[in-house]
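Below: the structure, in structure tokens.
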């Protein structure tokens, strides 16, 4: 217990969790994005001169979905804030952004 604030340190929300959650989510995003890009475009990097002619939509979406659900689960279940509603909203937004933004990029190619 801290005598200055009168609040037990264990009762504070775990904002410290964000110090490891955010880097893990960034690594998961980069990995899932790279694998989905390779699945979508093949080794040609969408130039048309590579080995793949037809994009693998299911593969690209599955990599993004697994990465998005992983990052959403981290934000949903790890108590980085005391407000459960805020954690759930941020988790849903993260999953939608994790999956939706790369899909928009792939579709535009």
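Nothing in this text is a laboratory measurement; each read-out follows from the coordinates by a stated rule. In this text, all values refer to a predicted model and were calculated from it rather than measured experimentally. FYI the Cβ positions are ideal-geometry reconstructions off the backbone, even for glycines, and counts take in every protein chain you see.
As an exercise, use a Förster radius of 22 Å and the Cβ-Cβ distance of residue 92 and residue 56 to find the FRET efficiency, rounded to the nearest 0.05. Before the final figure, lay out each step's value.
Values: r = 27 Å, r/R0 = 1.22.
FRET efficiency, residue 92 to residue 56: 0.25.
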(message) Taking 30 Å as R0, compute the FRET efficiency from the Cβ-Cβ separation of residue 69 and residue 19 and round it to 0.05.
(response) 0.85
